[in-house]
Amino acid sequence: MGAAIDYVESIGLENIALYEQLLLEYATEKLLTIPDLKIYGTAQHKASLISFLVGNIHPYDMGMMLDKMGIAVRTGHHCAQPLMLRYNIPGTVRASFGMYNTFDEIDRLVAGVLKVSQMFA
């Protein structure tokens, strides 16, 4: 644990936060180019994650197909089932970004989501 703390401190929390913000902005811009994709949670100051749905594709179907492509996302209610019921959505797909992610991985995510959305078209 000490080595992990030393590593994070060597990078700096501010630098990590800035990088994660850049990943979030890049992913948001790229994902929004996909037809019928809707992002849930668009607060100006939010964590580096994106919850989304594409058209009528169930989040579990999207998640399973992305998993087959080697792309890791979470699907479901994300401990917010009452909120999901309130907005009449079955859950969402959630991609989270951290200091260990790359812009290339975001490009792979976007390509995968686009491919799945075209399969269900």
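Could you list all residues from region 41-91 that are over 18 Å from residue 29 (Cβ atoms) and of a type in the set (S, T, N, Q)?
Correct list: 56, 75, 81, 88.
Give me a count of the residues in region 29-57 that are of a type in the set (A, V, I, L, M) and surrounded by 15 or more Cβ atoms within 10 Å (Cβ to Cβ).
Of the residues in region 29-57, the ones of a type in the set (A, V, I, L, M) are 31-32, 34, 37, 39, 43, 47, 49-50, 53-54, 57.
Still in the list and also surrounded by 15 or more Cβ atoms within 10 Å (Cβ to Cβ): 31, 34, 37, 49-50, 53-54, 57.
Count: 8.
Given the conditions (1) in a helix (DSSP H, G or I); (2) aliphatic (A, V, I, L, M); (3) at pLDDT below 95, which single one is not true for residue 109?
Result: residue 109 fails condition (3) only.
Does at least one position in region 67-83 carry a residue that is among the aliphatic types (A, V, I, L, M), in contact (Cβ under 8 Å) with a residue 40 or more places away in the chain, in a helix (DSSP H, G or I) and surrounded by 12 or more Cβ atoms within 10 Å (Cβ to Cβ)? Steps first, please.
First, pick out the residues of region 67-83 that are among the aliphatic types (A, V, I, L, M): 69, 71-73, 80, 83.
Filter again for in contact (Cβ under 8 Å) with a residue 40 or more places away in the chain, leaving 69, 71.
Now drop any that are not in a helix (DSSP H, G or I), which leaves none.
For region 67-83, residues among the aliphatic types (A, V, I, L, M), in contact (Cβ under 8 Å) with a residue 40 or more places away in the chain, in a helix (DSSP H, G or I) and surrounded by 12 or more Cβ atoms within 10 Å (Cβ to Cβ): absent.
Of 26, 19, 7, 60, which residue is surrounded by fewer than 14 Cβ atoms within 10 Å (Cβ to Cβ), of a type in the set (Phe, Trp, Tyr), in a helix (DSSP H, G or I) and touching a residue at least 24 places away in the same chain (Cβ under 8 Å)?
Result of the check over 26, 19, 7, 60: 60.
The values are calculated or read from the model by the stated rules, or taken from the named source; none is laboratory data. Source: prediction; values computed, not measured. Heads up, the Cβs are rebuilt from the backbone with ideal geometry, glycines too, and the neighbour counts pull from every protein chain shown.
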